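This report concerns only the one structure given below.
Any read-out appearing in this document is the output of simple, stated calculations on the displayed coordinates, not a laboratory observation. Everything numeric here is computed off the predicted structure, so don't read it as measured data. With ideal geometry, Cβ positions are generated from the backbone for all residues, glycine too; neighbour counts draw on all protein chains shown.
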Amino acid sequence: MNIVGVKKLKTVVDKAIADVEITDVHTHLYASCFGDMLLWGVDELLTYHYLVAEVFRWVDIPYQQFWEMSKREQADLIWKVLFLENSPYSEACRGVLTVLNGLGLDVGSRDLSAYRRYFSEKTMEEYMDQVFELSRVKEVVMTNDPFDDNERKVWLESYKADPRFIAALRIDPLLNTWDQVWMKLKDWGYHVEEDLNGTTLEEIRRFLREWADRMQAVYMAVSLPPTFAFPENSSRAVIIKECVLPVCREFNIPLAMMIGAKKRVNPGLELAGDSLGKSSIETVEYMCANYPYNKFMVTMLSRENQHELSVVARKFRNLMIFGCWWFLNNPSLIDEMTRMRFELLGVSVIPQHSDARVLDQLIYKWAHSRRIIADVLFDKYKDLLEIGWKLEENEIRRDIEKLFSQNFWDFVKKKL
């Protein structure tokens with residue numbers, strides 16, 4: 001047995017965290033067959049919506065003037081304001097620098113032109129390989145929306161599988177805007193009406209089956225507002241009950257619910273204008289209790305929801321909580337949430353996902369999170385050693401493999 005003592009513990013944990021290959025369970029990335037839908041490069045990093053919201057803390061120009069700029073002009077403005085006129089220590093700014101540094105570029109030079117030259121000499125395919133290698137991510141789960149016309153066209157006409165990119169069927173329009181999208185389904189040959197009668201519900205189930213099968217989706221996913229309630233008298237609740245949950249159970253895939261997003265509280269900021277709110281944990285409890293043969297993956301956007309969500313996860317084996325989503329993806333909050341989850345749930349969580357929208361973000365989001373999770377694990381293992389528990393190095397590696405990959409795959413494949 002290779003017993004680990006306190007003196008070696010930090011080295012063993014850090015190395016195991018550095019070595020582990022990650023399954024990133026939720027991203028907005030795309031395989032290369034989706035073409036320009038896959039975002040990459042320094043200008044995309046700089047115009048990420050986190051930085052767009054941040055730059056408007058400083059600039060006094062009309063929103064429309066900003067959106068009429070070219071991508072390069074937007075990036076120039078953000079670089080000037082957030083990186084040169086202010087110290088870039090926000091997590092979003094720091095992330096850009098972590099990427100550049102990880103690629104071997106001199107961040108101290110502050111030379112945006114040189115960074116652009118670096119990316120201009122890369123092809124998408126070779127850069128993709130480089131990012132997966134640097135981030136030690138072995139596979140990512142995409143967000144795949146059949147209501148997006150550009151994406152739908154790829155799935156129907158030119159999709160080419162890449163084992164690093166796994167599909168998840170995103171159903172936000174179906175659940176949140178049924179009054180607008182039912183005509184699309186009708187145009188596509190589904191015999192639906194706005195009224196959720198028996199025929200319409202069966203056709204929605206047919207739509208979900210066909211797309212889950214076409215994509216080989218590992219779960220269905222939806223982003224939901226803080227006001228989300230179930231059951232309730234709404235088209236969303238009816239479609240969840242009569243269509244989504246039955247098809248998820250039939251395919252033995254989870255329903256991943258990301259709860260707490262308030263869309264477009266500031267419409268002028270477009271995608272950067274979303275906010276958050278505290279949500280009802282009772283809704284999650286109800287779904288887990290009343291649908292025990294369905295699997296649910298849940299992440300919630302409000303910090304105030306995190307403790308009660310962890311407690312609910314202790315009560316239901318069909319619930320897997322995952323990641324520090326969106327505004328929670330900041331070091332202080334990742335540390336806090338990870339400690340609480342480990343203390344309440346042990347190894348049985350998915351501590352993080354990247355939510356990356358730009359390929360390059362895999363580098364910084366996982367570099368930052370690995371370090372935080374390693375520190376938390378060191379403290380937890382140290383607690384065990386101090387009370388006389390013996391730890392083997394292979395047990396530490398086993399736990400870390402579960403946290404960063406195996407827990408997800410075990411839950412996806414689990415039969416209830």
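Taking the fewest neighbouring Cβ atoms within 10 Å as the starting point, the ordered list for Phe316, Phe207 is Phe316, Phe207. One Cα centroid belongs to the range 173-187, the other to the range 311-329; the line between them spans 29 Å. Loop-located trypsin sites (Lys or Arg not before Pro) across the range 369-414 with a Cβ neighbour count of 14 or fewer within 10 Å are Lys390, Lys414, with loop assigned by DSSP. Only DSSP H runs of four or more residues enter the estimate; each adds -39500 (n - 2.57), and after division by the residues of the chain the mean residue ellipticity at 222 nm equals -14500 deg cm²/dmol.
Label separation (Glu232 vs Ser109): 5.3 nm, computed from points 7 Å beyond Cα along the C-beta direction.
Only aspartates and glutamates eight or more places from Lys184 in sequence, or on another chain, were considered; those with a Cα closer than 12 Å are Asp148, Asp149, Glu193, Glu194.
The Cα center of the range 214-290 and the Cα center of the range 369-386 differ in position by 33 Å.
Excluding same-chain residues fewer than 8 positions from Lys278, which lysines have a Cα within less than 22 Å of its Cα? Result set, ordered by chain and number: Lys262, Lys263, Lys315.
Calculate the FRET efficiency for Asp148 and Arg398 from the Cβ-Cβ distance with a Förster distance of 45 Å, rounded to the nearest 0.05. Please list the in-between numbers first.
Numbers: r = 39 Å, r/R0 = 0.88.
Here the calculated transfer efficiency is 0.70.
Just so you know, the averaged projected area of the alpha carbon convex hull for the chain sits at 21.6 nm². Around the amide H of Leu224, modelled in the peptide plane, lie the amide H atoms of Met258, Ile259, Gly260, Ala261, all under 5 Å away and 5 or more residues distant in sequence or on another chain. For the listed residue pairs Lys160/Lys415; Lys160/Lys414; Lys10/Lys415; Lys80/Lys380; Lys7/Lys402, the alpha carbons are over 31 angstrom apart in Lys10/Lys415; Lys80/Lys380. Within straight-line reach of Lys365, meaning a Cα separation under 16 Å, sit the following lysines at least 8 residues removed in sequence or on another chain: Lys138.
Neighbour counting of Cβ atoms within 10 Å sorts the residues Asp14, Asp149, Asp360, fewest neighbours leading, into Asp149, Asp14, Asp360.
Our summary gives the range 3-413 a relative contact order of 23 percent, counting only alpha carbon pairs under 8 angstrom and 6 or more residues apart.
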